[in-house]
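Contents: one structure, followed by commentary.
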Amino acid sequence: GYDLDAVPIHLPPHPGESTMSWTRRLAVRYDVPVRDLLRHAGARRNITSSRGVATRLRTYPGMAARLGLTPEQIRPLVKIQPLANATNTYADAFGHPQPGQSQSRYCPLCLTEPDPWWPDHWQSPLSWICPIHHSFLVNTCPDCGQPPHARRGWIGRVIDLHRCPSQLQSVDHAGRRRLRDWCNADLTTGLT
């Protein structure tokens, strides 16, 4: 009577939580990188973005079920955010370049909560203020200065949501950029 394919402990998404946030929280819960969780759930190809995660969860309900999601939990988690959709529709209609969604904007005060998570409205190109704390959303890590989710390193690492998942860059003597250690800085530091 037991489903040995599904994850044993259910971790429901918060209302309005982004896909990236939920998968990172699940990875921390099991101490397994997001990439490996998705592979266990049935992803045959490497998934390199939160959009890819959302697409797989939307099109393969069995994969979502193995990760412990019910159909009612999948819908809001993988929906296209209305404000971003409206912005993209406007840009298409009037021939403007499409503004990219930022997975990196965050409110440091929200990340100090006991169970922090990244709401999907932080990703909107028009969202600049936290509706809870009425403070500007931050775009970069206070230590490394990079946007926290500009690269896909968060998919291959287990890292708490209040920590920067960026990889630090260095330049060698020939002027080539190389990636080295992980930032891992506390994104809640530098609060005013």
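Per 10 Å bin from zero, what fraction in whole % of the C-alpha pairs of the stretch 25-91 is there, up to the bin with the longest pair?
Whole-percent P(r) values from 0 Å outward: 20, 49, 23, 8, 0.
For the ranges 20-27, 180-187, what's the packing order if you count other beta-carbon atoms within 10 Å of each residue, average per peptide, and put the highest first?
20-27, 180-187
Can you give the extra length, in nm with one decimal, that the chain gains between Asp186 and Ser49 once fully stretched, where that is 0.36 nm per residue apart less the Cα-Cα distance?
Going from the current span to full extension adds 47.1 nm.
Which percent of the accessible area of the stretch 139-181 is formed by carbon and sulfur heavy atoms (probe 1.4 angstrom)?
Percent of accessible area from carbon and sulfur atoms in the stretch 139-181: 41.
What's the Kirkwood radius of the chain in Å, using all Cα pairs?
17.8 Å
Quick one: work out Rg over Rh on the C-alpha atoms of the stretch 94-175, Rh as Kirkwood radius.
Computed over Cα atoms, the ratio is 1.03.
At 0.36 nm per residue, and after removing the present C-alpha to C-alpha distance, how many nm does the segment from Ala91 to Phe136 gain when stretched out fully?
Result for the pair: 13.7 nm of gain on full extension.
Just to be sure I understand the model, the point goes 7 Å from the Cα along the line to the Cβ. What's the resulting Thr59 to Lys79 distance in nm?
2.2 nm
Using packing as a proxy for protection, rank 120-127, 160-167, 70-77 so that the peptide with the highest average count of other Cβ atoms within 10 Å comes first.
160-167, 120-127, 70-77
Just the number, please: Stokes-Einstein D of the stretch 105-146 in µm²/s, Kirkwood Rh from C-alpha pairs, 37 °C, 0.692 mPa s.
The calculation lands on 305 µm²/s.
With a probe of 1.4 Å, find how much accessible area the chain has per residue, and write the answer as a whole number in Å².
57 Å²
The values are calculated or read from the model by the stated rules, or taken from the named source; none is laboratory data. These figures come from a predicted structure and were not determined experimentally. Here Cβ is always computed from backbone atoms with ideal geometry, including for glycine, and neighbour counts include all displayed protein chains. In case anyone asks, the SASA skips ligands and DNA or RNA and just uses the protein heavy atoms, side chains included. Shrake-Rupley method; radii C 1.70, N 1.55, O 1.52, S 1.80 Å.
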